[in-house]
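Chemist: Can you keep this structure in mind? I'll have questions shortly.
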Amino acid sequence: MRRLRSALLLLPPLLLLLLLLLPSPAAPARPGFPARGSRGPGGSPGRRLAPGAGQPGGAGAAGTVRAGVGAGARGRGFCKSRPLDLVFIIDSSRSVRPLEFTKVKTFVSRIIDTLDIGPADTRVAVVNYASTVNIEFHLQTHLDKPSLQRAVGQIAPLSTGTMSGLAIQTAMEKAFTVEAGARAPGSHIPKVAIIVTDGRPQDRVNEVAARARAAGIELYAVGVDRADRASLRMMASEPLDEHVFYVETYGVIEKLSSRFQETFCASDPCMLGTHGCQHVCVSDGNGRHHCECSQGYSLNADKKTCSAIDKCALNTHGCEHICVNDRAGSYHCECHEGYALKEDRKACAVQDQCALGTHGCQHICVNDRAGSYHCECYEGYSLNQDNKTCSVRDKCALGSHGCQHICVSDGAASYHCDCHTGFTLNEDKKTCSAIQEARSLISTKDACGCEATLAFQNKAVSYLQRLNTKIDDILEKLQANEYGQIHQ
């Protein structure tokens, strides 16, 4: 019995000690604000180009990623943070005591510690404000984590005043610029700002915050102690329950760092690179995703790989004559024979085939209206079956027969010479002599004069033959020139 009494006497001190060792319950969340340490709903869906995916033709469909609050417990080391252009906007007015300002810098440093920092990863800038605004360092200043955290530790508080609107405007116009280190819009890197304040803005923050959101900046508002909750809501992006946070004191603000770690964690397959999409991975939220293809490609039945679209079959190519599909899912235009592609690479213009000198016509090339041509022959020739070469049709018509008086055609390739009335054909079968002149010469000359007469006659005939040959050559050249001009 005495042992039982002794045990009962020891019970109250043990219970008191146990109560002292137990952790105190978390402070209740204010209406409309997330409780400290609570987890928000699933993140906003995003779109991201498949890591390492081949981009046909050097042109792939670039994706975008929205920085939404992640879902589920993601411990450090179990996910990779998505690339961001992140700007901290911290209130260092006189209401923030030195020790409290140190807590803010620790909060910023812990968030940085959970991120992948680098030129191709997250870049961080800090805007310090009170009644004035100071950009402590830009996005391109510190591109490694150690120098970035040292720079945060060296930030000093400013003075009185809480010009939150001016601070957001400065961040929008000077911190989130390409010159200051922000990535260009085409890179699809999200622009995110986290503003930390414990007071009421002394300027018109609503209009400035609206312009910042319209410019594509995602705003998170963290209120401490005496922070005006209505102002926090005016500054933050939608949905408010994912972008507005409130804590009672600076002493617990560091706990929010794990919340932002979840927010910036790449939790879906598109971010982790486990999706298997050949071209583009699109996050649907809550760990779901679907695949899409780059322009000029369509999704195959496996819903992951892509095949080139037959652009020519779509009839949207604009080619005037011929559309030719290329391997890369694109196409090019070509023209029918006798046409050449214009500078727009779609329309076609008629080519002068005869002027190109590739027609193959033996005599005359004639251009047709349709960009083609046909061959013709000189007079006295006819076109062969190959429609290019020519054969003699009438030797007499050529004017090269050599007959002094009359050329008589005997067919396509032969002829004979004849003489006018009162003349007779000489032994050369080409020249002619007058019959009466020959008779008078014989009758008036004696037999001794025959030899002289024959010599004179041969000399005259020879002279006439040479003259006739020269005349024929001149006539042939004149005829060829005349026919050439007519058919050009």
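Chemist: Does Y297 qualify as being surrounded by 20 or more Cβ atoms within 10 Å (Cβ to Cβ), assigned by the TED database to the domain that holds S109 and of a type outside the set (G, A, S)?
Modeler: Taking the combined requirement at face value, the residue does not satisfy it.
Chemist: List the number of the failed condition for A171; all other conditions in (1) assigned to a loop (DSSP other than H, G, I, E, B); (2) open to solvent by less than 60 Å² (accessible area, probe 1.4 Å); (3) of a type in the set (G, A, S) hold.
Modeler: It is condition (1) that A171 fails.
Chemist: Right, another one. Of everything in segment 358-385 that's farther than 24 Å from G411 by Cβ and among the aliphatic types (A, V, I, L, M), which residue is least open to solvent (accessible area, probe 1.4 Å)?
Modeler: That would be I364.
Chemist: Can you tell me which residue is surrounded by the fewest Cβ atoms within 10 Å (Cβ to Cβ) among those in segment 153-168 that are farther than 17 Å from E136 by Cα and small (G, A, S)?
Modeler: Only one residue tops the list, namely G161.
Chemist: Let me ask something else. Mind checking whether some residue in segment 122-129 is open to solvent by 40 Å² or more (accessible area, probe 1.4 Å), without any contact (Cβ under 8 Å) to a residue 60 or more places away in the chain, farther than 15 Å from L84 by Cα and assigned by the TED database to the domain that holds R200?
Modeler: No.
Chemist: What residue, of N206, N134, is farther than 22 Å from L256 by Cα and touching a helix residue (DSSP H, G or I) at 6+ places or on another chain (Cβ under 6 Å)?
Modeler: From the options N206, N134, the qualifying one is N206.
Chemist: Got a sec? Which of E218, E207, E238, E242 is without any contact (Cβ under 8 Å) to a residue 40 or more places away in the chain, within 38 Å of the chain's Cα centre (by Cα) and over 17 Å from S92 (Cβ atoms)?
Modeler: Step by step, each of E218, E207, E238, E242 is checked, and only E238 is without any contact (Cβ under 8 Å) to a residue 40 or more places away in the chain, within 38 Å of the chain's Cα centre (by Cα) and over 17 Å from S92 (Cβ atoms).
Chemist: Of all helices (runs of 4 or more DSSP H) completely enclosed by segment 180-288, which ones contain at least 3 residues that are open to solvent by less than 50 Å² (accessible area, probe 1.4 Å) and within 23 Å of L139 (Cα to Cα)?
Modeler: The qualifying helices (runs of 4 or more DSSP H) are 205-214, 256-263.
The values are calculated or read from the model by the stated rules, or taken from the named source; none is laboratory data. Just so it is clear, the model here is predicted, and its values are computed rather than measured. Counting neighbours? That spans all protein chains shown, and the Cβs are built from the backbone with ideal geometry, glycine included. To get the accessible areas, we keep the full protein, side chains included, count just its heavy atoms, and leave off ligands, DNA and RNA. Shrake-Rupley method; radii C 1.70, N 1.55, O 1.52, S 1.80 Å.
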